[in-house]
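Below: the structure, in structure tokens.
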Amino acid sequence: MHFTTSSRRRRKTKKPSARPTVKRRVVSAGGVVLRSNAGALEALLIAIKEGRMWSLPKGQVEQGERYPQTAVREVREETGIEARVLAPLGSIRYHFTVKDDATPVTVTKEVHHFLMKYVSGQPRPQKEEVDDAAWFPVSEALTRLSHQNERDVLLKALARWEIGAKVSPAS
């Protein structure tokens, strides 16, 4: 008798998930708005999720808008503050999952940040999206920001601000 052995292995098959995961890409822009107040540097932050999370102001890019335009518009809409763009700070990307009619949606969000200088206005949160908007000394802003990637963006903004202060006279 002759016996043969098969070198083929059974492939493990993935069980189909009950609901396929939908993927969505979102592009936003926002700013690190800084101002000097009585000689102290302050950063503008927003509170979301019933005040449990502090973040930098940002929002979705509208059709035909350039990233700096979006940053200025979103800062104004979310906080009531007028600011002008000084320099790009790069972008961050992160992922999160939300439910859309019980279907999980994986969102990839890319946020383009800009160093911005305060021009005018008082913080006035956009109640539909933001719980609070406030100025904080930069050391406190660094501890309040809920996500490390935004703390890193603030640190980058502070470095750019310092370089700018050494290059041009204060205005």
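Below is a table of values for the structure above.
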{"read-out": "Charged-residue dipole, Cβ positions (Lys, Arg, Asp, Glu), region 22-171 about Cα centre, Debye nearest 20", "value": "420 debye"}
{"read-out": "Which listed pairs, of LYS127/LYS156; LYS49/LYS156; LYS109/LYS156; LYS23/LYS109; LYS23/LYS127; LYS23/LYS156, have C-alpha distances above 22 Å, in listed order", "value": "LYS127/LYS156; LYS49/LYS156; LYS23/LYS127; LYS23/LYS156"}
{"read-out": "Segment ALA134-GLU162, extension gain: residue separation times 0.36 nm, minus the distance between their alpha carbons", "value": "7.9 nm"}
{"read-out": "Nitroxide proxy distance, nm - points 7 Å out along Cα→Cβ at LYS49 and VAL98", "value": "1.4 nm"}
{"read-out": "Share of carbon and sulfur in the accessible heavy-atom surface of region 18-131 [1.4 Å probe, %]", "value": "47 percent"}
{"read-out": "Relative packing of peptides 69-78, 84-93 - highest average C-beta neighbours within 10 Å first", "value": "69-78, 84-93"}
{"read-out": "Relative packing of peptides 151-159, 94-102, 134-142 - highest average C-beta neighbours within 10 Å first", "value": "151-159, 134-142, 94-102"}
{"read-out": "Kirkwood Rh, Cα atoms: Rg over Rh of region 65-144", "value": "1.02"}
{"read-out": "Average accessible surface area per residue within region 78-171, 1.4 Å rolling probe, Å²", "value": "57 Å²"}
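The values are calculated or read from the model by the stated rules, or taken from the named source; none is laboratory data. Not measured: the values here are computed from a predicted model. In this analysis, Cβ positions are derived from the backbone assuming ideal geometry, glycine residues included, and neighbour counts consider all displayed protein chains. Heavy atoms of the whole protein, side chains included, go into the accessibility calculation; ligands, DNA and RNA do not. Shrake-Rupley method; radii C 1.70, N 1.55, O 1.52, S 1.80 Å.
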